[in-house]
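First comes the structure, then the notes that go with it.
The values are calculated or read from the model by the stated rules, or taken from the named source; none is laboratory data. Not measured: the values here are computed from a predicted model. Note: ideal-geometry Cβ built from the backbone for every residue, glycine included; neighbour counts use all protein chains shown. The protein model used for the area step is the full one, side chains on, heavy atoms only, and it has no ligands, DNA or RNA in it. Shrake-Rupley method; radii C 1.70, N 1.55, O 1.52, S 1.80 Å.
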Amino acid sequence: MSLNFICSLNPARVVFACGALDRVAEELRALGCARALVLSTPFQEQDAQALAQSLGAQAVGVFAGAAMHTPVEVTDQAMQVYAETGADCVIALGGGSTIGLGKAIAWRNDCPQLVIATTYAGSEVTPVLGQTEEGVKTTLRDARVLPETVIYDPNLTLGLPVAMSVTSGLNAMAHAIEGLYAQNKNPVASMMAVDGVRALKQALPAIVRRPEDATARGEALYGAWLCGTVLGSVGMALHHKLCHTLGGSFGLPHAETHSVMIPHTAAYNAQAAAEDLKPLADMFGGDLGKGLWDFAKELGAPMALRDLGLAEADLDRAADLAVKNPYWNPRPVERQAIRALLQAAWEGHRP
Ligand code: NAD
């Protein structure tokens, strides 16, 4: 391979440690912030309140209304609370939904963001924001959206339910897999991608066996950081296009959809991207698509789109949407082949 690349990794400060939650106050000071608005989903509100309490005067309020796909009306409410409380930054405590809300606020007022990531989705290290307005999801990429400081504390993931840990982990792997054959791939992102998948491949079975295994939780979160960084640094292809279509137009759940689709999309691109994917194919027994499918099944992941609520009658429209304005992909995106891929994923066949 002759080297020819542009590499621009995103500048975020990452603090990674068991117990790193205790460092929020000093990290806020390092950001030059004194009045944080703490964000969470309703489900994580208690944790957000406890964090705000522990920060004393450094926290001016909690907004616990974050929701999947960053609805604009929720952001508008949060903006109002931000103004009323006189906040000077946000702390997003949670997964992609909460982080999305923090990004949406920063997109509007350029406030600093400190993120405490508690899933493996990786949004905390990307300059990408997806928002929904009247049911339509749009995505933008802007440096303002990238969080300034990210805290990873594996202790906060000990209670992430096993099913979510598995699908969120496979979601992270999907970022790395697509990063390896991205049109703008680069050697640093590829190193991160391979090590990220390695870490998650090692950690997820251990988490399924023992969810409170702090070492495995640390390994998974480390893998999620690497995979998220890949997502934020290089372009995504067929897999992400299909998942965005299924999530955006058919309301399928984010992590579960990635988890069902990744063996099929990896198999679709296996030949065309054989050289780029070789380290992962080797890791998964020689055939990446089949190896990923077996791995997901062993972990108890959902295996079929039909189990996620997609009707068979929707497959034609999903294929039409997916081939319209396709993302760049190493193998041409052909309607008939995509329709067959979707059928196999809907039925849950081994690719
Ligand atoms: P999520 O943030 O929606 O979390 C799902 C649920 O799990 C929530 O109720 C949350 O409060 C709860 N939860 C989170 N962490 C927990 C923990 N440690 N213990 C117990 N419960 C916990 O799920 P997600 O998969 O992290 O995020 C999905 C969203 O993020 C989607 O909207 C997706 O589009 C977006 N996303 C964006 C990017 C990006 O770069 N812009 C990247 C990945 C995902």
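Here are the numbers:
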| read-out | value |
| --- | --- |
| Residue 146 being open to solvent by less than 10 Å² (accessible area, probe 1.4 Å) and at pLDDT 95 or above | no |
| Residue check, residue 130 touching a residue at least 40 places away in the same chain (Cβ under 8 Å), at positive phi and under 17 Å from the mean Cα position of the chain (by Cα) | no |
| The lone exception for residue 176 - which of (1) open to solvent by less than 30 Å² (accessible area, probe 1.4 Å); (2) near the ligand (Cβ under 10 Å from one of its atoms) it fails | (2) |
| Meets criteria (farther than 25 Å from residue 164 by Cα, at pLDDT 95 or above and either touching a Cys at 6+ places or on another chain (Cβ under 8 Å) or open to solvent by 30 Å² or more (accessible area, probe 1.4 Å) (or both)) for residue 276 | yes |
| Residue match in region 220-229 (condition: out of contact with any Phe, Trp or Tyr (no Cβ under 8 Å at 6 or more places or on another chain) and over 15 Å from residue 126 (Cβ atoms)) | no |
| Any hit, region 87-100, residues being out of contact with any strand residue (DSSP E or B) (no Cβ under 8 Å at 6 or more places or on another chain) and open to solvent by less than 10 Å² (accessible area, probe 1.4 Å) | no |
| Checking residue 211 against (1) touching a helix residue (DSSP H, G or I) at 6+ places or on another chain (Cβ under 7 Å); (2) part of a helix (DSSP H, G or I); (3) open to solvent by less than 50 Å² (accessible area, probe 1.4 Å); (4) at pLDDT 95 or above, the condition it does not meet | (2) |
